[in-house]
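The values are calculated or read from the model by the stated rules, or taken from the named source; none is laboratory data. What you see is a predicted model, and the numbers here were worked out from it, not measured in a lab. Cβ placement follows ideal geometry from the backbone for every residue including glycine, while neighbour counts extend to all protein chains displayed.
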């Protein structure tokens, strides 16, 4: 294989640029030429191809987001859209493709592979909701972004004896709330995998207040509820001073952590190595610190398993009322 392309699709995630940079430079060093496709599958349909070289990926490893930009495309999921994509890739002499994104992006990669374009998927999403890999690109940086917010909000909540609800992303996966909640010492971590009723939540907060702790941090995963609604329910039942903060897209931005930069580099190089051998229809991932690859649909089909032991540990080490 002598000519490949790379695109980013779906939601952006810190570390995508590190993966682009590694893939481009490793491929060129191995005698391959590389095209970047702007705006994901939408740009693929619109022929938004750009030649890439060593210099075109300079000074991007520290940048958040994706220099190739990203977009979602319903048209690509149609038979006509897929045919146009294959034709555009072929007309540019592309023999293999790297797709950086989440599960929806991977399904598109599978379709391209089945049409004769070997495609490799790199997991890029802050949600960490792909079950086949221990970590996805961008998750660590997003955790640190949430952690920074927790630290700052705890300062002001403690000063005023207030409760603060911090709503984080994650869709139906509670990993972002769990990991950041543990790191930030949150008194309550609410995730979609474990249902917790309002009376139980208020009961926990009341027990803190009975023991003299009036300020608390609640980290709420978006799949488990909405911060403004939870705020009103707590105020009604507890009569406490409560603030709600929705971090939103703040979590997707920022310079990637060292861990995400390293992961992006490892993923990018692994993807190029696979394409060099004319291997497609694979996704790369990390397990127990080792980079591996597997069939795309087998990877997408792996159910995300929530770490209940980690959640139970959080309840013990973050609960200031235990045995007090």
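Out of the range 262-302, which residues are under 23 Å from residue 14 (Cβ atoms), in contact with a helix residue (DSSP H, G or I) (Cβ under 8 Å, 6 or more places away or on another chain) and in a loop (DSSP other than H, G, I, E, B)?
Listed by number, the list is empty, since nothing qualifies.
Can you pull out every residue in the range 19-42 that is in contact with a strand residue (DSSP E or B) (Cβ under 8 Å, 6 or more places away or on another chain), buried (at least 24 other Cβ atoms within 10 Å of the Cβ) and part of a helix (DSSP H, G or I)?
Once the filter is applied, which keeps residues that are in contact with a strand residue (DSSP E or B) (Cβ under 8 Å, 6 or more places away or on another chain), buried (at least 24 other Cβ atoms within 10 Å of the Cβ) and part of a helix (DSSP H, G or I), the range 19-42 yields 19, 20, 23, 24, 27, 40, 41.
For the subset of the range 110-144 comprising residues that are part of a helix (DSSP H, G or I) and over 20 Å from residue 189 (Cβ atoms), which member is farthest from the chain's Cα centre (by Cα)?
Kept after step one, since they are part of a helix (DSSP H, G or I), are these residues of the range 110-144: 110-114, 139-144.
Among the residues that remain, those that are also over 20 Å from residue 189 (Cβ atoms) are: 110-114.
Details: 110: 20, 111: 23, 112: 23, 113: 24, 114: 26 Å.
The selected residue is 114.
Read through the list (1) part of a loop (DSSP other than H, G, I, E, B); (2) touching a strand residue (DSSP E or B) at 6+ places or on another chain (Cβ under 9 Å), then give the number of the only condition that residue 213 fails.
(2)
Within the range 257-272, can one find any residue that is modelled with pLDDT of 95 or more, closer than 30 Å to residue 164 by Cα and touching a strand residue (DSSP E or B) at 6+ places or on another chain (Cβ under 9 Å)?
Within the range 257-272 (the criterion being modelled with pLDDT of 95 or more, closer than 30 Å to residue 164 by Cα and touching a strand residue (DSSP E or B) at 6+ places or on another chain (Cβ under 9 Å)), the answer is yes, since at least one residue qualifies.
So which residues in the range 145-185 are assigned to a helix (DSSP H, G or I) and closer than 23 Å to residue 291 by Cα?
If the condition is that a residue be assigned to a helix (DSSP H, G or I) and closer than 23 Å to residue 291 by Cα, then 175, 176, 179 are the ones that fit.
Since residue 62 meets every condition but one in (1) part of a loop (DSSP other than H, G, I, E, B); (2) surrounded by 17 or more Cβ atoms within 10 Å (Cβ to Cβ); (3) under 21 Å from the mean Cα position of the chain (by Cα), which condition does it not meet?
(2)
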